Amino acid sequence: MSAARCLTELLGPRPRLTLVIAEAQVAEIWVEGRAPLITIRDYDWGETDPEPSRDRDGFPFTKINWRGPAWALGLSLHPPAKETSMAQPDLKHIPLDELRISKLNMRHGRKKPDVSDILPSIRESGLRQTLLVRREGKYYGVIAGRRRFFALKEIAKQTGETPLVPCAIMTEKDAASAIAASVIENVGRLPATEMEQYQAFKRLHDEGKAIEDIATFFGVTELLVRRVLALASLAEPIRKLYAEDELDRETIRALTLATPDQQAEWLRLIESESERAPIGRSCKAWITGGTTITTDKALFDLETYEGQVTADLFGEHGVFADADQFWQAQSTAIAERIEAYKAGGWADVICLERGAYFHRWDHVQCAMEDGGKVFIEVRHDGTVQFHEGQLTSAEARKRQQRSNGEGDTVPAEIRPEMSGPLAEYILLHRHAAAQASLAASPAIALRLMVAHAMAGSALWDVRPHELRARKDETQASVEGSTSVAALTEKSAHTDALFKALNVNPALRRNGDDYRLCELFSALLAMSDEEVLTVLASVMARTLEAGNGIVEAVLHVCGTDLSAAWKPDDVFFDLTKDKRAINAMIGDIATLSLAESCRAETGKAQKQELANRISGEGCEANPDWRPGWMQVPPTRLVEGAGSPPADAWTRIASLFEAGAENASDETPEHQDAA
């Protein structure tokens, strides 16, 4: 029997490793059909690691538990001569006090992040994932690893020691790669907003990166990059509103189509106290306009116009009665302007199709003498804009490459095979067919709905509940509760289902279609039971606080609140209404005891209540809970406002047959009576 066969019988068949190659790089790694946990032994870092691991021969190495996607490892099939500077950075341990957050980090300037989740592991085991830095003056700027940097600063503050930090040092000249590294670190880990992506993508675009290169590097579609970069056409006040979540995505995308004058008018409306600005779908209709064309849009002399013009007694301008006749005259005037431009020496004048938009972000300024062109933008409402001295970014790059002697390597630009209207026609028919198929496939629809709840879309705006209490004591009490611990455990279990498929399970807002499809494909690979587990976890994490649906869930699920909560110090500190405290004493003890304590201070009554719970001088009652924390909740002071009781009163009749609302009316109803 051969040695190989003996080993096979002892250890079983050898596991099969599969590498998925895309664009000459390792895009995915699979072992026996599953994405493995990847551990890296780096002997280069081990030489300078102050606390290295050692192999069986005694050689030092640094152990790295890789958490990112396989393609982010930088594994390449190119020979070393062709690899980028990012593939083999210099490796070094740098004192913490020599590090600063780089201005190229996409989260530079933002408030200090919460690092409580990673602080314990770093304090116990040290930092095992390198920071990506670049030399910036006398310090090193942190490109990727901002939260790890702040965690190390917190540990240094507590211990008084300055640790050595394992760092990968990038070249100072490669700003585009530095920005890319920062974006990929944040997009892959935290739910970066579109505005954050815009700021970083725009820096990359300004550094000369092509749209297709940005899309390929980050594993997103070119359409997503174009949509994010389209935010460049927005006025700064509008971008600020979006960054502060004051505008939804449908509105912001509609505003990218607006002219500067339209944006200024929209800002006036949004700030007006008497007028309303169009939002959502109505915003796009407002921007694109209808069939009404006013006389201020005409490029021709109105005195020579033979068509009918209707006077508008309530507006500043008249209205063209016949749109077709207007466009005949307008087209003639545009043709005359084109001839005038050409006679003036412009190399080319391009008139865009009516309704097509001039994307400022994808063009660069170029003087007429240097080959700049004129682009004419014609809107459906009759507006015509002339953009002088422009070149597309792609054409500008080609000219730059030709000037550097690289002209032979630049491929010719290929015109799209579909016009805008044809593409819309094809896409809408495909959409209708997909809708009909989805309506007949409930199992698939369930998985797609879960994916939408996790990633969102232009029509879905879902976000997880963020625990933010006004008082730190309340925050700490809830975070330390058994309920939060149980949800965290369930979420970790469902997250593991996605991580096993090499998919990031984070809930994000403003997700793109690639992210949505990534989650959808993972859910299709799960069983019905696993999908329902994910659904339950996602629903729990996106449940809104402080309203009737919380009371409905507690009622329908038969939740035992006595197992989830008990009166703690924070509860007693926040409870200050003597009427409520006295009612609790009457509930846990007797009405006569409550009456005898009525004249005492609130502090004294709370002490009596605490004694009754713990059994000081009486029988202990540890399972007692106030009416506020029962299912259903009850108010303690008759007629007084009680948020949980009021919420239940509004919806009780939907879940309890013959529920008596009259006995527990809200204060508003009582006032009305």
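The values are calculated or read from the model by the stated rules, or taken from the named source; none is laboratory data. Since we're looking at a predicted model, the values are computed, not measured. Virtual Cβ from ideal backbone geometry, glycine too; neighbours counted across all protein chains shown. Keep in mind that these areas ignore ligands, DNA and RNA; they rest on the heavy atoms of the full protein, side chains included. Shrake-Rupley method; radii C 1.70, N 1.55, O 1.52, S 1.80 Å.
Can you tell me which residues in region 332-388 are surrounded by fewer than 15 Cβ atoms within 10 Å (Cβ to Cβ) and hydroxyl-bearing (Ser, Thr, Tyr)? Matches in region 332-388: Thr332 only.
Take the conditions modelled with pLDDT of 70 or more and surrounded by 13 or more Cβ atoms within 10 Å (Cβ to Cβ) and apply them to Pro69. Does it pass? Criteria not met by Pro69. Among residues of region 546-565 that are within 18 Å of Leu467 (Cα to Cα) and among the aliphatic types (A, V, I, L, M), those with a Cβ under 9 angstrom from a residue that is in a loop (DSSP other than H, G, I, E, B) and open to solvent by 60 Å² or more (accessible area, probe 1.4 Å), sequence gap 6+ or separate chain, pair up as Val550/Glu544. Filtering region 514-553 to residues that are in a loop (DSSP other than H, G, I, E, B), under 25 Å from Val631 (Cα atoms) and of a type outside the set (Ser, Thr, Tyr) leaves Leu543, Glu544, Ala545, Gly546, Asn547. With respect to the conditions (1) among the hydroxyl-bearing types (Ser, Thr, Tyr); (2) outside any loop (DSSP other than H, G, I, E, B); (3) touching a helix residue (DSSP H, G or I) at 6+ places or on another chain (Cβ under 7 Å), Thr634 falls short on a single one, namely (2). Tell me, please, whether a residue that is buried (at least 23 other Cβ atoms within 10 Å of the Cβ), modelled with pLDDT under 80 and under 25 Å from Glu244 (Cα atoms) can be found in region 167-174. No, the conditions are met nowhere in region 167-174.
Search region 356-387 for residues being in a strand (DSSP E or B) and touching a residue at least 40 places away in the same chain (Cβ under 8 Å), and hand back the single one that is farthest from Arg337 (Cα to Cα). Ranking the candidates gives Val378 first. Listed by first and then second residue, the pairs with beta-carbon distance under 7 Å, at least 6 apart or on different chains, first residue in region 28-40 and open to solvent by less than 60 Å² (accessible area, probe 1.4 Å), second polar (S, T, N, Q), are Trp30/Thr18; Ala35/Asn502. The condition (being of a type in the set (D, E, K, R) and in contact with a Gly (Cβ under 7 Å, 6 or more places away or on another chain)) is satisfied by just one residue among Lys373, Lys342, Lys297: Lys297.
Glu303 falls short on exactly one of the conditions (1) more than 19 Å from Asp261 (Cβ to Cβ); (2) charged (D, E, K, R); (3) touching a residue at least 12 places away in the same chain (Cβ under 8 Å), and that condition is (3).
One line per residue, one yes/no per condition, for (1) in contact with a Gly (Cβ under 6 Å, 6 or more places away or on another chain); (2) touching a residue at least 60 places away in the same chain (Cβ under 8 Å); (3) within 29 Å of Ser527 (Cβ to Cβ); (4) open to solvent by 70 Å² or more (accessible area, probe 1.4 Å):
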position: Ala436; (1), (2), (3), (4): no, no, yes, no
position: Ala445; (1), (2), (3), (4): no, no, yes, no
position: Ala451; (1), (2), (3), (4): no, yes, yes, no
position: Ala455; (1), (2), (3), (4): yes, yes, yes, no
position: Val484; (1), (2), (3), (4): no, no, yes, no
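Please verify whether Lys578 is open to solvent by 40 Å² or more (accessible area, probe 1.4 Å), on the phi < 0 side of the Ramachandran plot and in contact with a Gly (Cβ under 7 Å, 6 or more places away or on another chain), treating the condition exactly as stated. Yes; evaluated as a whole, the condition is true for this residue.
Within 15 Å of Leu448 (Cα to Cα), without any contact (Cβ under 8 Å) to a residue 12 or more places away in the chain and open to solvent by less than 60 Å² (accessible area, probe 1.4 Å) - does that describe any residue in region 498-519? Looking through region 498-519, none of the residues is within 15 Å of Leu448 (Cα to Cα), without any contact (Cβ under 8 Å) to a residue 12 or more places away in the chain and open to solvent by less than 60 Å² (accessible area, probe 1.4 Å).
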